[in-house]
1. Ile19 versus (1) closer than 19 Å to Ile193 by Cα; (2) at pLDDT 95 or above; (3) buried (at least 20 other Cβ atoms within 10 Å of the Cβ): which is the lone unmet condition?
2. Does Ile136 qualify as being at pLDDT 95 or above, farther than 23 Å from Gly37 by Cβ and of a type in the set (Val, Ile, Thr)?
3. Which condition number in (1) modelled with pLDDT of 85 or more; (2) out of contact with any Ser or Thr (no Cβ under 6 Å at 6 or more places or on another chain); (3) β-branched (Val, Ile, Thr) is the one that Val32 fails?
4. Every residue in the stretch 184-214 that is under 13 Å from Tyr79 (Cβ atoms), crowded, with 19+ Cβ neighbours inside 10 Å and among the small types (Gly, Ala, Ser), please.
5. May I ask you to list the residues in the stretch 112-141 that are aliphatic (A, V, I, L, M), under 30 Å from Thr171 (Cβ atoms), surrounded by fewer than 19 Cβ atoms within 10 Å (Cβ to Cβ) and over 15 Å from the mean Cα position of the chain (by Cα)?
6. For the stretch 22-53, give me each residue that is under 30 Å from Arg210 (Cα atoms), free of Cβ contacts under 8 Å to residues at least 60 places away in the same chain and surrounded by 15 or more Cβ atoms within 10 Å (Cβ to Cβ).
7. Being of a type in the set (Gly, Ala, Ser) and more than 21 Å from Leu72 (Cβ to Cβ) is the filter here, so list the residues in the stretch 163-183 that pass it.
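The values are calculated or read from the model by the stated rules, or taken from the named source; none is laboratory data. This structure is a prediction, so every number in the text was calculated from the model and none was measured. Every residue, glycine among them, receives a Cβ derived from its backbone with ideal geometry; neighbour counts consider all protein chains shown.
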Amino acid sequence: MGNLDPKKMAGYTLILGPILALVCFFIQPGGVLQIGGSAEPLDYAGQMKISSDNSGLGIITGILVPIGLITLFSGIMFYIQSMEGGNGFGLARIGLPFFLIATAGWTLASSIFIGFSSEISTNSDLAGLAFGINIISSISFGIGGMILALATSTRNEVNKNISYLAFIAATIVFLTNFILPFSPESGTLFQGIAGICFIIYTVWSILIGRALAK
């Protein structure tokens, strides 16, 4: 395949990774678009049934969401490393472990729902475990997102105002998921809000990716 430019490849991962994860996040059974039906956040049996009734889509999105997230994490890791010796590096490095925890947690939660979709898992209480994992993962992503957006605002890859908008989106993700354990019945509302925030963060990631891929 010849030598691949690591900077360009990182740019492509920052473009393709979040798009793949975001699209699958929206279309997964019972998700933001409520394809296949919807269930209350605490209706674990209902969530399991939606997954098993829409097994093909559930399995595909359950696999592709982690692939998109891991691809995104690869790009974030390179981008942060590329800051070394310049503005924002010290701050951005603090955010990297939070992205790692978020990626690992969301991957684990997706695995649980793959089990429901393929009917390997029949214990609906596992949906409660996935609920908790998703909360911690989203909080971690929110913190990492805030830190990286602030670090990026000191640089020239993208417009500072766009970085500030990404910071606000990440802050909302953090706050809504911090509140969610105290108000789990608000899960559907907060999921929709998170979807909007992830769209903003995806656009910001794409802009950084384009700057790196040039």
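1. (3)
2. Values: at pLDDT 95 or above: yes; farther than 23 Å from Gly37 by Cβ: yes; of a type in the set (Val, Ile, Thr): yes.
Spelling it out, Ile136 is indeed at pLDDT 95 or above, farther than 23 Å from Gly37 by Cβ and of a type in the set (Val, Ile, Thr).
3. Looking at each condition in turn, Val32 falls short on (1).
4. Once the filter is applied, which keeps residues that are under 13 Å from Tyr79 (Cβ atoms), crowded, with 19+ Cβ neighbours inside 10 Å and among the small types (Gly, Ala, Ser), the stretch 184-214 yields Ser205, Gly209.
5. Residues of the stretch 112-141 aliphatic (A, V, I, L, M): 112, 114, 120, 126-127, 129-130, 133, 135-136, 139.
Within this subset, residues satisfying the condition of being under 30 Å from Thr171 (Cβ atoms) are 112, 127, 129-130, 133, 135-136, 139.
Still in the running and surrounded by fewer than 19 Cβ atoms within 10 Å (Cβ to Cβ): 129, 136.
Answer for the stretch 112-141, where residues must be aliphatic (A, V, I, L, M), under 30 Å from Thr171 (Cβ atoms), surrounded by fewer than 19 Cβ atoms within 10 Å (Cβ to Cβ) and over 15 Å from the mean Cα position of the chain (by Cα): just Leu129.
6. Residues satisfying the conditions are Val23, Cys24, Ile27.
7. Scanning the stretch 163-183 gives a single hit, Ser183.
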